Amino acid sequence: MTKFFEPFSTAWSGVVTHKLRSFLTILGIVIGVSAVITLMSIGRGAEAQVLSNIKNLGPNLITIRPGASMAGGVRGAIGGVRTLTIEDAQAISEQVPNISAVAPSYSSSLQLVVGSKNTNATVNGVTPEYMPVNNLKIASGAFFTEYEYQQGAKVAVLGSNVTQTLFGSENPIGQQMRMGTIIVRVIGVLQSKGAMFGSPDDTILIPLTAMQQTVAQPLTPHGGHIVSSISLTVSDQSQTQNVLDAITSLLRTRHQLASSADNDFNIMSVEEIASTLSQAMGTMTLLLGAIAAISLLVGGIGVMNIMLVSVLERTREIGVRKALGARERDIWIQFLLEAAFLTLAGGIIGIIVGWAVSYIISSLGTISTLVSADIIILAVSVSVGIGLFFGFYPAWNASRLNPIEALRAE
Amino acid sequence: MIRLKDIAKVYPMGKRELTVLQGVNLRIKRGELVAIMGPSGSGKTTLLNLIGCLDKPTSGSYYLEDKEVSRLSSGELAKIRGQKIGFVFQTFNLLPRLSALANVELGLRYAGGGDRHLVLEALARVGLSDRANHRPTELSGGEQQRVAIARALVKEPPLILADEPTGNLDSRSGQEIISILTSLHAEQGVTLVLITHDAGIANHCQRIIHIKDGQIEGEEKV
């Protein structure tokens, strides 16, 4: 057993007998490893946050928007053509299986007047299904009922940001406001979903039937009532792809598209959005890690540098060891293990430092970080790998020294 | 024990070649105590390095314990050095950052390992038991050379080679070193080959080999 451990103890004594040099070498690796861990944890943290925001939308959500117009090969903005109709929504609801609810909505920019405040906002005319489909919850008051919808009741539910802008700290419930040509009463406020792109915190929801009283909803040439988007939920998440396919073929038939034509609508599930975004964020994390890895590489070159100096400085020691019977293998194992010890120590300290830095960054707020096991394993194996890789050349040099010349060295 | 047959050693020096040894024939019996004498540059250190398997001859054959070793690989030579040969150098060649004890331990390290009590025994043998934890810089020249001898003898090799072991020492320390070496020979029957300039030291040996210009000039029995 002692025989097995001897190379380790020899290498270890090489590390501890040159404390300052070992410390400086370790420092380079510590900086590299902790940079990798910190930056990758920031990337992972951002990734997790974005994903949780998206999942907040409801994992079963599918949204359909009017498609891009194609004119002479130039793709216009999404929604540039008006093709989706309430009738499409009804057809989907009736003909596509595994759907729990369908919610068409029509958006328009309207002038709002509350007391002396006068502002423009995007108002969404929606059906009662809009709430469950979009996973929205009421913070105070209530959402409009099926009956109010049928009656075209002039009531509104506000997002939390809109409430703050229009009413400040006042209780908005029961307040009147003018919206285009009609007067509506605020009956509810939505729970905040947090800052993100297209947040419901910024919307105003009124019954689609009330919307039609102030804005003339445009019609298609075939007499369909045009909507801005259709959202729906899948009752069985495993059926998401089938639902997407069924809706696509149904809408293509209804819109009488030739088989060679592009879709005139965009259909996307939250699952797809999440996977697309998570891919993009993963790439960003990798990029951050790669930048940090450069410092790890520099640290590795530092290890090689120190080991080369170490071999040069200890030429006579190598000669003595060889005279005492050390084989080439004994010598290179000794120096390689020394390099591996240095980088392993650097790796372990680097994990602690990187973890601590990530923790401090998280606790400062704004940026969230996530240290995961794979990052740690990656950082440590890379640092030891660097030790072995960059330690190999100096160790090999050492082992090849001629013992007579080595003994003569100063 | 040692049989050299027609040994030559030539070093390439740029485009020219430098002949250090030529036509060396030598036999040393087991348990002999032999001194090698000669002016500097005569090739005696090269001869000792060849005997010590640190170097290979350019031509000729070398039998160590009846085994031809002049054509062995560097790894096999290292193994022979580790098991059969102890070196004592003029400049001691202790590792400066290690204690006396650790330096002596190093002698066992490449000989297949061994117990710590062997190390302590070897230190006691050279009278340095109380200095085991001192570093070389804290020891006198004579003491350092005694540590080096302990390192050479700790693995109990059949052959000890000493290259001017007293060359860096005052005459009193040198006398101590020689008495340790000769008692090793007398008490344990170690074969001992040493290089010296000092005729007084050579006279402690059984045989003196004179070497000049890379050739054995003659030998005398004491």
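Tell me the label-point distance for the pair A:Ile352, A:Leu24, using the 7 Å Cα-to-Cβ offset, in nm and rounded to one decimal.
Roughly 2.3 nm, to one decimal.
Please report the projected area of the range A:24-66's Cα convex hull averaged over all directions, in nm².
One quarter of the hull surface, i.e. the mean projection, equals 4.2 nm².
Taking every pair of alpha-carbon atoms in chain B, give the share separated by more than 25 Å as a whole percent.
Roughly 38 percent, rounded to a whole number.
Stokes-Einstein at 25 °C, 0.890 mPa s, Kirkwood radius from Cα pairs: D for the range A:237-384 in µm² s⁻¹?
117 µm²/s
Which whole-number percent gives the relative contact order of chain A, counting Cα pairs below 8 Å spaced six or more residues apart?
Reported as a whole number, the value is 30 percent.
Would you mind listing how long the range B:138-222 runs along its three principal axes, going by Cα atoms, in whole Å with the largest first?
Computed over the range B:138-222, the largest-to-smallest principal extents equal 41, 27, 22 Å.
Normalised by the number of residues in the range A:99-235, what is the relative contact order in percent for Cα pairs under 8 Å and 6+ residues apart?
Relative contact order here is 36 percent.
With θ set to phi - 60°, apply the Karplus curve 6.51 cos²θ - 1.76 cosθ + 1.60 along the range A:237-251 and write out the HN-Hα couplings as whole Hz, x wherever there is a Gly or Pro.
Taking θ as phi minus 60°, the curve returns 4, 5, 8, 3, 5, 4, 5, 4, 5, 5, 5, 4, 6, 4, 5 Hz for the range A:237-251.
Would you mind checking the range B:197-222 for residues with the amide N under 16 Å from a putative spin-label position 7 Å along Cα→C-beta of B:Thr19?
Zone members listed by number: B:212-217.
Can you give the three extents of the C-alpha atoms in the range A:99-235 along their principal axes, from longest to shortest, in whole Å?
Answer, in whole Å and largest first: 45, 34, 30 Å.
How big is the Kirkwood radius of the range A:178-313, worked out from every pair of different alpha carbons and given in Å to one decimal?
Result for the range A:178-313 stands at 21.5 Å.
Where q = 0.12, 0.15, 0.18 Å⁻¹, what log10 of I(q)/I(0) comes from the Debye formula for the range A:234-322, counting one point per Cα?
-0.66, -0.81, -0.92
Please arrange B:Lys15, B:Lys29 by counting, for each residue, the other beta carbons lying within 10 Å of its beta carbon, fewest first.
Fewest-to-most Cβ neighbours within 10 Å comes out as B:Lys15, B:Lys29.
With a point put 7 Å past each Cα toward its Cβ, work out how far A:Ser381 is from B:Ser140 in nm, to one decimal.
The two pseudo-label positions are separated by 5.9 nm.
How far, in degrees from 0 to 90, does helix A:328-363 lean away from the longest principal axis of the Cα atoms of chain A, to the nearest 10?
30 degrees
For the protein assembly as shown, just run the numbers: alpha carbon Rg, then divide by 2.2 N^0.38 Å, N being how many residues it has.
Here the answer is 1.73, to two decimals.
Laboratory data are not the source of any read-out in this text; all were calculated from the coordinates shown. Given the structure is predicted, the values throughout are model-derived calculations rather than measurements. FYI the Cβ positions are ideal-geometry reconstructions off the backbone, even for glycines, and counts take in every protein chain you see.
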